[in-house]
1. All other residues with a Cβ under 15 Å from the Cβ of Ser215 taken together, and with Lys, Arg as +1 and Asp, Glu as -1, what is their net charge?
2. Would you mind calculating the relative contact order of the stretch 20-118 from Cα pairs under 8 angstrom and at least 6 residues apart, reporting the percent as a whole number?
3. Counting other beta carbons within 10 Å of each Cβ, put Tyr23, Tyr91 in order, fewest first.
4. In the Gaussian network model of the chain, springs joining C-alpha atoms below 10 Å, which of Leu184, Leu207, Leu95 carries the largest mean-square fluctuation?
5. May I ask you to derive the FRET efficiency for Thr105 and Thr80 from their Cβ-Cβ distance with R0 = 41 Å, giving the value to the nearest 0.05?
6. Most fluctuating residue of Ser85, Ser28, Ser59 in a GNM of the chain with Cα springs under 10 Å: which is it?
7. What ranking do Lys212, Lys21, Lys65 get, fewest neighbouring Cβ atoms within 10 angstrom at the top?
8. Can you give me the Rg/Rh ratio for the chain, using Cα atoms for both radii and the Kirkwood formula for Rh?
Amino acid sequence: MTGAASGRTLLTSIQRRLPVKLYDNPTSKSARRVRIFLAEKGIEIPRENVDLNRGEQRSPAFLAKNPLGQVPVLELEDGTYLAESVAICRYFEELQPAPPLFGSTAREKAEVEMWSRRVEFGLAGPVVTAWMHGSPMWAGRFAQIPALAETGRGEVCSFFRLLDGVLADHEFIAGADFSMADILALCSVDFAAGAVGLTADAGQHNLARWHKAVSGRPSARA
Ligand SMILES: N[C@@H](CCC(=O)N[C@@H](CS)C(=O)NCC(=O)O)C(=O)O
């Protein structure tokens with residue numbers, strides 16, 4: 001069987017048991033992770049937009065799918081649901097391992113996990129803290145603490161420095177191959193620019209080179 005033919009067979013058998021639907025939102029940085037992941041895998045599934053501005057995520061029908069009231073949510077073929085962007089991506093990785101986005105060898109898998117956790121805690125979390133405690137959009141919706149916004153901004157800047165150093169030696173964040181760690185970082189770097197106006201410093205050439213490369217992949221537009 002040729003590579004293309006075996007790819008088609010794989011896809012057909014996967015399609016038979018592909019999840020039913022992705023509950024999505026075009027502005028969600030977390031849902032974007034899943035959209036990029038699926039684009040890298042060449043997987044297409046139906047999507048339904050959840051209108052976050054109108055509070056659809058807090059409707060009883062949506063809370064029954066994800067009690068946290070957040071997108072993304074994946075509806076499975078047996079009528080059950082999966083939430084959390086990374087968990088959803090891991091599910092697809094198991095359904096369709098190629099191309100591997102969580103690493104292949106034990107060492108690669110651990111490196112992707114290590115960097116994914118660092119990006120989640122060191123970048124994704126602080127960006128959201130800076131945004132929620134600093135943006136007028138959130139004023140009056142909860143008790144904003146300006147000092148926390150500043151702490152978040154400082155953590156984002158220091159993570160940019162860390163990434164710039166790492167990317168001096170690696171083409172991608174977890175090593176030589178594009179991985180989930182790049183997807184997580186891309187979504188947070190773009191969100192940091194849009195939501196809190198933080199971007200790489202002029203001298204952070206490695207981070208800029210990486211950002212240009214990952215943004216240029218077709219999946220980045222998903
Ligand atoms: N840890 C979750 C975060 C999901 C999340 O924060 N989703 C946001 C959009 S980016 C959301 O649905 N917010 C709606 C709300 O909180 O009301 C994941 O990775 O999926």
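Only the coordinates and a few stated rules stand behind these numbers; no lab work does. It should be emphasised that the depicted structure is a prediction, and the values quoted were computed from it without experimental measurement. Positions of Cβ are backbone-derived with ideal geometry, glycine not excepted, and every protein chain shown enters the neighbour counts.
1. Details: positive: Lys29, Arg32, Arg33, Arg35, Arg209, Lys212, Arg217, Arg221; negative: Glu40, Glu171, Asp182, Asp190.
After counting each charged neighbour, the total is +4.
2. Details: 121 pairs, mean separation 27.0, N = 99.
Once normalised by length, the contact order is 27 percent.
3. Details: Tyr23 23, Tyr91 13.
Sorted ascending by nearby Cβ count, the order is Tyr91, Tyr23.
4. Leu95
5. Computed FRET efficiency for Thr105 and Thr80 comes out at 0.80.
6. Taking springs between Cα atoms under 10 Å, the residue moving most is Ser59.
7. Working: Lys212 9, Lys21 16, Lys65 19.
Ascending number of Cβ neighbours within 10 Å: Lys212, Lys21, Lys65.
8. Working: Rg = 18.3 Å, Rh = 18.6 Å.
Rounded to two decimals, Rg over Rh is 0.99.
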